[in-house]
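Novice: Take this structure first; my questions come after.
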Amino acid sequence: MTKLVEADRSFERLSTALDNVRMLGADPAAVEEQARAVVADRASSLLHAKGHRSEFERQQAQESGLLALFSFLPAIERKRVFQARRALGDMPGLDGLRSISDIEQHLAQAVRKAEGEHATAMGTLTNVRKLRSELDAAEAARRVALQSLDGTAGLEDGLEDRTDVGIRFELFRLATHYWEGRWLMAMEADLKGIAASGQRRGRAALVPRWQRRMMLMPCAVSTFATLPTKLAYSRRDGSVWATDYLYNFIDLLIVDEAGQALPEVAGVAFALAKRALIIGDLQQIEPISSVPRAVDIGNLRETGLLGPQADIESLTATGVCSTSGSVMRMAQVASRVSPWPDLAPGLWLFEHRRCHDEIIEYSSAMCYQGKLLPRRGPAPADAPLPAMGYVHIDGKAVKSCNSRSNSSEAQTISSWIAQNRQMLEARYNRPVEHIVGVVTPFGAQVRELRKACSSHKITVSGPRAITIGTVHALQGAERPVVIFSPVYSKHANGGFIDASTSMLNVTVSRAKDSFLLFGDMDLLAGAAPGSPRALLSRFLDQPGCELEFQQPPRQDLQESPGQLQSLRDAGEHDEFLLSVLASEAHRYLIVSPWIKLRTMERTGILAALKAAADRGAVVEVYADPLLNADLISNGKRQIDEAEDALKQIGVTLHRLEKLHSKIVAVDDSLLCVGSFNWLSADREGRYVRHETSYVYRGEDIEAEIRVTRDDLKRRAK
């Protein structure tokens, strides 16, 4: 213990010395050198001042006594002053002096001033040297103190780290044996009485029972529901037995995940404790209250926490409301410690070590004002998956009771896991079910995902099952790869995900190596500015984030009698587009995020578009201006050149930022959806990609085309 106390003292001494030295500036050595130079300069000035005074005294000593005797005569006095000034040579400040006494006073003042400046300079130098010397002494004392703990004299590691692997373990071991001995002594002192009181529930039996338990197990773990029963005892109340509790009995109540603890559930535990340490995060999933709002208001009024005329919103910030509060919020309101003005009160743990930096930076930007400090590092360059990635899916969200599902997302996710199983298991050396976790906001989608994964022989039940659930399934857990299925589509774009930052914060931060979104990226891009989904879109919409994956066709668009057609390469895509443009259709919609005039000319698409427009067909093209902002040889931007060419032939180009869908729609009966950039993709050479699109036909397609057109128009506004 003496060594630990000395280590603490050495730390305080070193901290004070460092603070003092920091006042000297960034380079204390340079400050000392400058102070030394000033002292030398002031010493030289003092030497000159004293030399002038000595020269004056010598000149006066050699002066004729007659001159001094008749100095009352102005002419004589002027001669004496002249001779004195000539003896003093280049000394400044002598002009204007008319008597020997004036010169004497001037010399005295010059010496006093030089002495004062020299003394000040010496004091500054002494102080600088003292501060630096104290820092050296503090560092030496710190080394000695640390060396006494573990034999290592370096200052690189902190006291906490070194004591954790050194003396603290030894102290814990000794304390453990000490209390084991105390327990043996207590049992030996009254073994018969202890055995006889085993079934007694009175206070006299319960208190020593818990004290004996704590000798062996100083920390007991309990839920809020069971803790009161553990500290309940029976007492006589007149002629009957009553139940009472050991109030103020627990030395320290530690509440973990306090952001999920309801106030009324946890309140009883606080009555049983002397002190409490509250640990949690309000940016995690909020607690779910079963208390209706009206009952919550009634309880608050009954207890006097809510005045007769006051509204419940006035208490929301305090955290006491069952419908909106938590133990963590109440603790932050009660905390007197608030080191960071832009964060809630209390102490914060800023270092994050679970996720790669690219992942946790999203949570930091959304929830923690950018203050989280990533400590794991960025994803390695040879990683098979990006730290933040996505697969764009043009699916359909359907309502299921009070929930929603999206079969396209479920089928794509299960297909992706099955296709990448071998790669993932080889990299992590464990079953894919223990590598990947799938999170979705809706219970109906959980069922859809389990059904889809089961069809691909992915284990969905039992102890070895893949984790598929709502965000609560991974709260407090983690997986190397987390897949998020947002479900929402242009058919049903609700704000449930954006209602709180906690859902996406927890979902994203569960991923250690890769967070992958399988859903409608256009929907994320069109979310309200500043919302969690809009921010996620910005983090995902980066080079290298899109995964190349051939998606299965949409089952909901195959219910019509029309035959499903698949397009496999650039040639088939071009042949299809040229064919439909040459048909007698009246309305065309082409969604191609990238657009290049040269590609449209070379493939004949531009001529086909002109022919369609010439016969009176309405042709609308959507492209992303952010992707086509490069300057070309004539000084125009790529999208401006394409727009000018399309405008000349009667085709309308709409600019829509952050566009991911690749679609061709003809009238109300043909829809082609896939991954092919119709108006830009390379048809040959090294950059040719294997793309797949599916063509859906029939009357049932009309509703899908209408929804697609309406969504594009809404976003384009």
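Novice: Could we say that ASP342 is within 18 Å of the chain's Cα centre (by Cα), buried (at least 17 other Cβ atoms within 10 Å of the Cβ) and in contact (Cβ under 8 Å) with a residue 12 or more places away in the chain here?
Specialist: Details: within 18 Å of the chain's Cα centre (by Cα): yes; buried (at least 17 other Cβ atoms within 10 Å of the Cβ): no; in contact (Cβ under 8 Å) with a residue 12 or more places away in the chain: yes.
Judged against the criteria, ASP342 is not a match.
Novice: Among residues belonging to segment 367-396 that are within 29 Å of GLY280 (Cα to Cα) and among the basic types (Lys, Arg), point out the one that is surrounded by the most Cβ atoms within 10 Å (Cβ to Cβ).
Specialist: Among those residues, the one meeting the criterion is ARG376.
Novice: Hey, does segment 160-179 have a residue that's within 30 Å of GLU139 (Cα to Cα), among the aromatic types (Phe, Trp, Tyr) and either surrounded by 12 or more Cβ atoms within 10 Å (Cβ to Cβ) or without any contact (Cβ under 8 Å) to a residue 24 or more places away in the chain (or both)?
Specialist: We begin by selecting, within segment 160-179, every residue within 30 Å of GLU139 (Cα to Cα); these are 160-172.
Pick out the ones that are also among the aromatic types (Phe, Trp, Tyr) and you get 169, 172.
When the remaining residues are screened for being either surrounded by 12 or more Cβ atoms within 10 Å (Cβ to Cβ) or without any contact (Cβ under 8 Å) to a residue 24 or more places away in the chain (or both), the result is 169, 172.
Yes, because at least one residue in segment 160-179 is within 30 Å of GLU139 (Cα to Cα), among the aromatic types (Phe, Trp, Tyr) and either surrounded by 12 or more Cβ atoms within 10 Å (Cβ to Cβ) or without any contact (Cβ under 8 Å) to a residue 24 or more places away in the chain (or both).
Novice: Give all pairs with beta carbons closer than 9 Å in which a residue from segment 294-315 that is closer than 18 Å to GLY267 by Cβ meets a residue that is loosely packed, with under 10 Cβ neighbours inside 10 Å and at pLDDT below 85; count only pairs at least 6 apart in sequence or on separate chains.
Specialist: Sorted first by the residue in segment 294-315, then by its partner, the pairs are ARG301/PRO308.
Novice: Checking the structure you have, find out if any residue of segment 501-512 is over 19 Å from LEU449 (Cα atoms), surrounded by fewer than 23 Cβ atoms within 10 Å (Cβ to Cβ) and modelled with pLDDT of 95 or more.
Specialist: Yes, segment 501-512 contains a residue that is over 19 Å from LEU449 (Cα atoms), surrounded by fewer than 23 Cβ atoms within 10 Å (Cβ to Cβ) and modelled with pLDDT of 95 or more.
Novice: Scan segment 279-287 and give yes if some residue there is among the small types (Gly, Ala, Ser), outside any strand (DSSP E or B) and loosely packed, with under 14 Cβ neighbours inside 10 Å, otherwise no. Talk me through it step by step, then tell me what you get.
Specialist: To start, the set of residues in segment 279-287 that are among the small types (Gly, Ala, Ser) comprises 280.
The next check asks that each one be outside any strand (DSSP E or B); those that pass are 280.
With loosely packed, with under 14 Cβ neighbours inside 10 Å added as a condition, the list becomes none.
No, segment 279-287 contains no residue that is among the small types (Gly, Ala, Ser), outside any strand (DSSP E or B) and loosely packed, with under 14 Cβ neighbours inside 10 Å.
Novice: Right, another one. Name every residue in segment 397-443 that is at pLDDT 95 or above, surrounded by fewer than 19 Cβ atoms within 10 Å (Cβ to Cβ) and within 18 Å of GLY494 (Cα to Cα), in order of residue number.
Specialist: Correct list: empty.
Novice: Only one of these is surrounded by 13 or more Cβ atoms within 10 Å (Cβ to Cβ), more than 47 Å from the chain's Cα centre (by Cα) and either within 12 Å of SER680 (Cα to Cα) or at pLDDT 95 or above (or both): LEU609, LEU653, LEU597. Name it. Full working, then the answer.
Specialist: Details: LEU653 fails: more than 47 Å from the chain's Cα centre (by Cα); LEU597 fails: more than 47 Å from the chain's Cα centre (by Cα).
Just one listed residue meets the conditions, LEU609.
Novice: Return only the number of the condition from (1) outside any loop (DSSP other than H, G, I, E, B); (2) among the aliphatic types (A, V, I, L, M); (3) at pLDDT below 95 that ILE359 does not satisfy.
Specialist: Every condition holds for ILE359 apart from (3).
Novice: Mind checking which residues of segment 299-319 are over 18 Å from ASP256 (Cα atoms) and either surrounded by 13 or more Cβ atoms within 10 Å (Cβ to Cβ) or within 24 Å of the chain's Cα centre (by Cα) (or both)?
Specialist: Of the residues in segment 299-319, the ones over 18 Å from ASP256 (Cα atoms) are 299-318.
Residues satisfying the conditions are ASN299, LEU300, ARG301, LEU305, LEU306, ALA310, ILE312, LEU315, THR316, ALA317, THR318.
Novice: Can you tell me how many residues within segment 604-623 are touching a Leu at 6+ places or on another chain (Cβ under 8 Å) and farther than 18 Å from ALA665 by Cβ?
Specialist: Count: 3.
Novice: Using the structure shown, decide if GLY494 is on the phi > 0 side of the Ramachandran plot, out of contact with any His (no Cβ under 8 Å at 6 or more places or on another chain) and in a loop (DSSP other than H, G, I, E, B).
Specialist: Answer is no for this residue.
Novice: Quickly run through segment 507-566 and pick out the residues that are among the acidic types (Asp, Glu) and closer than 30 Å to PRO625 by Cβ. Even if it seems obvious, please write down each step before you answer.
Specialist: So in segment 507-566, the residues among the acidic types (Asp, Glu) come out as 513, 520, 522, 541, 546, 548, 556, 559.
If the condition is that a residue be among the acidic types (Asp, Glu) and closer than 30 Å to PRO625 by Cβ, then ASP520, ASP522, ASP541, GLU546, GLU548 are the ones that fit.
Novice: So, in segment 19-62, of the ones that are among the hydroxyl-bearing types (Ser, Thr, Tyr) and within 60 Å of the chain's Cα centre (by Cα), which residue ends up surrounded by the most Cβ atoms within 10 Å (Cβ to Cβ)?
Specialist: My answer is SER45.
Novice: Only one residue in ALA242, ALA186 is in contact with a helix residue (DSSP H, G or I) (Cβ under 7 Å, 6 or more places away or on another chain), modelled with pLDDT of 90 or more and more than 29 Å from LEU277 (Cα to Cα), so which one is that? Outline the logic, then answer.
Specialist: Values: ALA242 fails: in contact with a helix residue (DSSP H, G or I) (Cβ under 7 Å, 6 or more places away or on another chain).
Answer to the check: ALA186.
Novice: VAL618 versus (1) touching a residue at least 40 places away in the same chain (Cβ under 8 Å); (2) surrounded by 14 or more Cβ atoms within 10 Å (Cβ to Cβ): which is the lone unmet condition?
Specialist: (1)
The values are calculated or read from the model by the stated rules, or taken from the named source; none is laboratory data. Values in this document were obtained by computation on a predicted structure and should not be read as measured data. Please note: Cβ atoms are built from the backbone with ideal geometry, for glycine as well, and neighbour counts cover all protein chains shown.
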